[in-house]
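Take a look at the structure set out below.
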Amino acid sequence: MVAATAKYCGAVAVSAYPPYEETTAAIEVLRSSGVTTNIHFILTSKTVSTAIEWLLDPPAFLQSANAIVFLNYKPVGRFADEGLLLNKSPRVEEFFKLATGGRRPFRIGFDTCTITGLARFGDVPDVSIEGCDAGRFSLFVSEKMEVYPCSFMVEAGYRGIPLKGSSLAAIWQNHSDFRGIRDKHASKGCSDCTTPQQCLSGCPLFPQMNLCKENCAPLATGEQALRVYR
């Protein structure tokens, strides 16, 4: 399997979960086979301290990786816990300033769900960051052949748009779910936003996970946002 991965895949992402023994072993196997290896690290109120520790004193397996990509925790699924939301931690600003400052032997990336923290607290050129691409640049097709602006809508209980009898182009251009989510991207979603062009109003589906400053509160609650698309 590793040989096939090296032959056919440009890169592999390894998810980092404590206690990280399996993460370390997977990276060592992939790197020894010449596979470009990235690490996916989910940022929660509990793991952000580990992320800061790794950035200050990188473990050996991180130094041998191509990049670490930080993903904002999404409160979806059977075991969703809003207590794990990254914005529950007092170290959010510290993390983004550290992650975007200085040079390291590995690259650092972020998913677009971190945009509200990256735009406000990070030291990054605007050309290097982008807001949520759901319904703007990407969509998701489930195994049931239903279309969603964002893949996380499936676990959150949103209804999908049946692909049967339609087309991706028609759904993308004309369906109310896609037009509605683009309208939310274009609106000023926060009451006192200082980075609207970069943030694009943050997450239009799960605003409770946005990383806004205290004086930049979403105008709509998560339940209000859900009702728009359910």
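What to note about this one:
- The lone exception for residue 22 - which of (1) in contact (Cβ under 8 Å) with a residue 24 or more places away in the chain; (2) part of a helix (DSSP H, G or I) it fails: (1)
- Meets criteria (in contact with a helix residue (DSSP H, G or I) (Cβ under 9 Å, 6 or more places away or on another chain), of a type outside the set (A, V, I, L, M) and closer than 15 Å to residue 67 by Cα) for residue 5: no
- The set of residues in the range 92-111 being of a type in the set (Asp, Glu) and more than 13 Å from residue 67 (Cβ to Cβ) consists of 93, 94.
- Only one of 50, 5 that is in the same structural domain as residue 88 (by TED's automatic domain parsing), modelled with pLDDT of 95 or more, surrounded by 14 or more Cβ atoms within 10 Å (Cβ to Cβ) and part of a helix (DSSP H, G or I): 50
- Residues of the range 54-76 classified as within 13 Å of the chain's Cα centre (by Cα) and among the aromatic types (Phe, Trp, Tyr), total: 2
The values are calculated or read from the model by the stated rules, or taken from the named source; none is laboratory data. Only a predicted model underlies this, so the values are computations on that prediction, with no experimental measurement involved. So basically every Cβ, Gly included, is an ideal-geometry build from the backbone, and we count neighbours across all protein chains shown.
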